[in-house]
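Accompanying notes for the structure given below.
The values are calculated or read from the model by the stated rules, or taken from the named source; none is laboratory data. A quick note: this is a predicted structure, and the numbers were derived from the prediction, not measured. As a convention, Cβ positions derive from the backbone with ideal geometry for all residues, glycine included, and neighbour counts pool all protein chains shown. What goes into the accessible areas is simple: the full protein's heavy atoms, side chains included, and nothing from ligands, DNA or RNA. Shrake-Rupley method; radii C 1.70, N 1.55, O 1.52, S 1.80 Å.
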Amino acid sequence: MSQALRKSARHGDLARDAVENESRFGLLSRWMKNPLRTGSVVPSSPALCARLVRQTRRAPDEAVIELGAGTGPVSRALLAAGVPPEKLFVVEIVPGMAAQLRRSLPGVNVIEGDARDLPTLIPRQWHGRIGDVICGIPLVLLRKSEQRRFIDAIEAVAPGRGFLHYSYCVTSPLPAKAHELSKAREAWTPLNFPPASVWRYMPAGSSPLPHA
């Protein structure tokens with residue numbers, strides 16, 4: 001490798017490191033200011049992303065919604081697994097993070113807004129055509145009435161489909177029975193900091209859906 005190419009490669013590595021460090025610092029500072037808006041102080045690990053991808057259900061004509069994308073590691077894993085960018089809707093409430101996601105995820109439908117307003121954020125033609133909803137928002141920190149708003153918003157655009165929720169709680173982060181949901185911990189990874197679980201919540205009485 002020539003000296004010029006080595007220098008270019010070093011500059012590229014430094015640039016990538018700077019972006020990653022900025023993302024980590026951004027998560028930490030935002031978590032300190034408002035932990036309800038940021039689920040963790042570090043991005044989701046590749047191990048957690050892989051488990052989320054394996055549990056995600058989507059038929060070819062269906063889209064996937066991610067709530068609380070942060071710096072986008074789960075979004076990138078979904079794209080790498082074959083979800084078309086135009087069939088991925090990413091909802092992020094923090095303006096700066098939404099702007100960063102638009103730059104780093106070309107072609108993806110990045111929506112700046114509150115996930116509780118999901119029925120108005122997702123284009124109506126996609127209502128009922130959502131394969132899965134992935135939620136990274138720390139719902140465990142919310143009052144039951146606010147948790148209910150999230151659940152109702154998801155049900156409005158993905159009726160009967162339920163949702164995946166990744167959490168750092170040892171037990172279910174949602175009181176499933178109180179919300180008339182069935183629950184199942186579908187995956188757990190100690191290779192995440194902190195260790196994380198992937199929970200599947202479904203409307204009570206609904207039939208389990210096979211993987212697409």
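A few notes on this one:
- The simple spin-label model puts a point 7 Å past each Cα toward its Cβ; for ALA81 and LYS177 those points are separated by 3.1 nm.
- Shown are PHE193, PHE150, whose ranking by accessible area with a 1.4 Å probe and every protein chain present, most to least, is PHE193, PHE150.
- Computed extension gain for ALA59 through VAL140, at 0.36 nm per residue and net of the alpha carbon distance, reaches 26.2 nm.
- C-alpha center-to-center spacing [region 63-83, region 102-163] in angstrom: 13 Å
- Per residue Cα convex hull volume in Å³ - calculated over region 71-212: 121 Å³
- Computed with a 1.4 Å probe over protein heavy atoms only, the accessible surface of region 57-141 comes to 38 Å² per residue.
- Using a probe of 1.4 Å, the accessible surface attributed to ARG149 totals some 110 Å² when neighbouring protein chains are kept in position.
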